[in-house]
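Student: Below is a structure I'd like to ask you about.
Please treat every number below as a calculation from the coordinates, not as lab data. It should be emphasised that the depicted structure is a prediction, and the values quoted were computed from it without experimental measurement. A quick note on method: Cβ atoms are made from the backbone with ideal geometry, for glycine too, and the neighbour counts reach across all protein chains shown.
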Amino acid sequence: MTDDSLIAALEAAVHCVLDHLAAELGDLGLRQAEINVLAALPPGVARPVGELVAATGQRPSTLTGVLDRLEAKRLVRRRVNPADRRSFTIALTATGETAAKRVRDAFATLDGRVRDDLPPDAIQGFHHVLDALERHTKGRT
């Protein structure tokens with residue numbers, strides 16, 4: 001890439017990853033935001049919605065729609081959070097666990113191939129860039 005813009009390069013890379021995942025997981029019939037949520041849900045563990053907001057980077061209002069779609073597809077179940085009855089927890093259903101495993105496997109395969117192609121200092125540098133991006137964008141919409 002000839003452009004020195006980190007943001008432009010990141011955008012291009014994200015689109016490549018999304019296209020790759022769409023091809024790998026297309027038979028699941030899921031949108032990218034739904035794939036992102038499934039990747040953030042461990043099997044057998046209910047997560048509070050607030051944790052999913054942080055883990056997926058989605059706005060709460062966007063996440064609500066994503067969860068509605070996943071619930072309609074019977075991939076997740078939503079329950080009142082016993083620790084805070086004003087909020088909900090989200091857990092995978094049995095069908096959701098199968099789909100989430102496919103998602104995690106696709107993520108792990110691509111992650112492994114990319115890591116195998118990079119020296120450790122490049123991976124560390126990438127994480128430094130991500131940390132800086134988070135610091136400079138956190139709380140801004």
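Student: For K73, only one of the following conditions fails: (1) charged (D, E, K, R); (2) in contact with an Asp or Glu (Cβ under 9 Å, 6 or more places away or on another chain); (3) within 30 Å of L6 (Cβ to Cβ). What is its number?
Tutor: (3)
Student: Further question on the same structure: Contact list please: Cβ distance under 6 Å, first residue in the range 8-35 and of a type outside the set (A, V, I, L, M, F, W, C), second residue surrounded by fewer than 14 Cβ atoms within 10 Å (Cβ to Cβ), pairs at least six apart or on different chains.
Tutor: Pairs found: Q32/L18.
Student: Need a quick list: helices (runs of 4 or more DSSP H) entirely within the range 53-141 having at least 3 residues that are without any contact (Cβ under 8 Å) to a residue 60 or more places away in the chain and farther than 19 Å from E34 by Cβ.
Tutor: Working: elements: 60-72, 94-116, 120-137.
In the range 53-141, 94-116, 120-137 are the helices (runs of 4 or more DSSP H) which contain 3 or more residues that are without any contact (Cβ under 8 Å) to a residue 60 or more places away in the chain and farther than 19 Å from E34 by Cβ.
Student: Would you check if R135 is over 20 Å from V14 (Cα atoms), more than 15 Å from the chain's Cα centre (by Cα) and surrounded by fewer than 14 Cβ atoms within 10 Å (Cβ to Cβ)? Spell out how you get there, then give the answer.
Tutor: Numbers: over 20 Å from V14 (Cα atoms): no; more than 15 Å from the chain's Cα centre (by Cα): yes; surrounded by fewer than 14 Cβ atoms within 10 Å (Cβ to Cβ): yes.
No; evaluated as a whole, the condition is false for this residue.
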